[in-house]
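Participant: Quick one: the structure is below, and I'll ask about it shortly.
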Amino acid sequence: QVQLVESGGGLVQPGGSLRLSCEASGNIFTIHLMGWYRQAPGKERELVATINSFGGTEYADSVKGRFTISRDNAKSTVYLQMNSLKPEDTTLYYCYLTQLTGAYWGQGTQVTVSS
């Protein structure tokens, strides 16, 4: 089993910043891909950002230039630095990883951007 524990969500004003963290534990092997997705009520889950084992990154167009993904392999942890937050960034954010044994998801952390 693999457990993903997210933290760092919360309420922030438009233009503000938050940093999400996700630590993986359990039967961790060589993690290939780590990332963040988000899902608003009634909508499909969408990619926010991913980072592979070589440090290669991918971002949704809507967050490019505002969000930065990084990972600490020694800690099996992925981070998402979110700057210049907008009300439309409000939703649940889910941590995600893939390794040899499959794909795993966290429980989600709420991000609310509101004045």
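The values are calculated or read from the model by the stated rules, or taken from the named source; none is laboratory data. Since the structure is predicted, the reported quantities are computational estimates derived from the model, not experimental observations. Here the Cβ positions follow ideal geometry from the backbone for every residue, glycine too, while neighbour counts run over all protein chains shown. Just the protein is used for accessible areas: all its heavy atoms, side chains included, with ligands, DNA and RNA removed. Shrake-Rupley method; radii C 1.70, N 1.55, O 1.52, S 1.80 Å.
Participant: Scan the stretch 1-106 for trypsin sites (Lys or Arg not before Pro) in coil per DSSP, keeping those whose Cβ has at most 15 other Cβ atoms within 10 Å, and list them by number.
Facilitator: For trypsin sites (Lys or Arg not before Pro) across the stretch 1-106 that sit outside H, G, I, E and B with at most 15 neighbouring Cβ atoms in 10 Å, the list reads K43, R45, K64, R66.
Participant: What longest range of the chain stays clear of loop-exposed chymotrypsin sites (Phe, Trp or Tyr not before Pro) (DSSP non-H/G/I/E/B, at most 13 other C-beta within 10 angstrom)?
Facilitator: 55-115
Participant: Using the Cα centre of the chain as the reference point, and only Cβ charges (+1 on K/R, -1 on D/E), how large is the resulting charge dipole? Debye, rounded to the nearest 20.
Facilitator: Details: 9 positive and 9 negative charges, 24 e Å.
Taking the Cα centre of the chain as origin, the dipole is about 120 debye.
Participant: Let me ask something else. Taking +1 at the Cβ of each Lys and Arg and -1 at the Cβ of each Asp and Glu, which of Y94, T50, G16 sits farthest along the dipole of the chain towards its positive end, judged by Cα position relative to the Cα centre?
Facilitator: G16
Participant: Probe of 1.4 angstrom, ligands and nucleic acids ignored: what's the accessible area per residue over the chain, in square angstrom?
Facilitator: That works out to 54 Å² per residue.
Participant: Would you kindly derive the ³J(HN,Hα) couplings of the stretch 12-22 from the backbone phi angles with the Karplus curve 6.51 cos²θ - 1.76 cosθ + 1.60 (θ = phi - 60°), listing them in order in whole Hz, with x for Gly and Pro?
Facilitator: Karplus-based 3J(HN,Hα) across the stretch 12-22 equals 9, 7, x, x, x, 10, 9, 10, 8, 10, 9 Hz.
Participant: Among P87, P41, P14, which one moves the most in a GNM of the chain with springs linking Cα atoms closer than 10 Å?
Facilitator: P41
Participant: Same structure, new question: What are the ³J(HN,Hα) values, in whole Hz, obtained from phi via the Karplus relation 6.51 cos²θ - 1.76 cosθ + 1.60 with θ = phi - 60°, for each residue of the stretch 86-99 in sequence order, with x given for Gly and Pro?
Facilitator: 10, x, 6, 7, 5, 3, 7, 10, 10, 7, 8, 8, 10, 8
Participant: Compute the Cα gyration tensor for the chain, then decide on rounded, prolate or oblate, letting a ≥ b ≥ c be the square roots of its eigenvalues: rounded whenever a/c is under 1.5, prolate when a/b is larger than b/c in the other cases, and oblate in all that remain.
Facilitator: prolate
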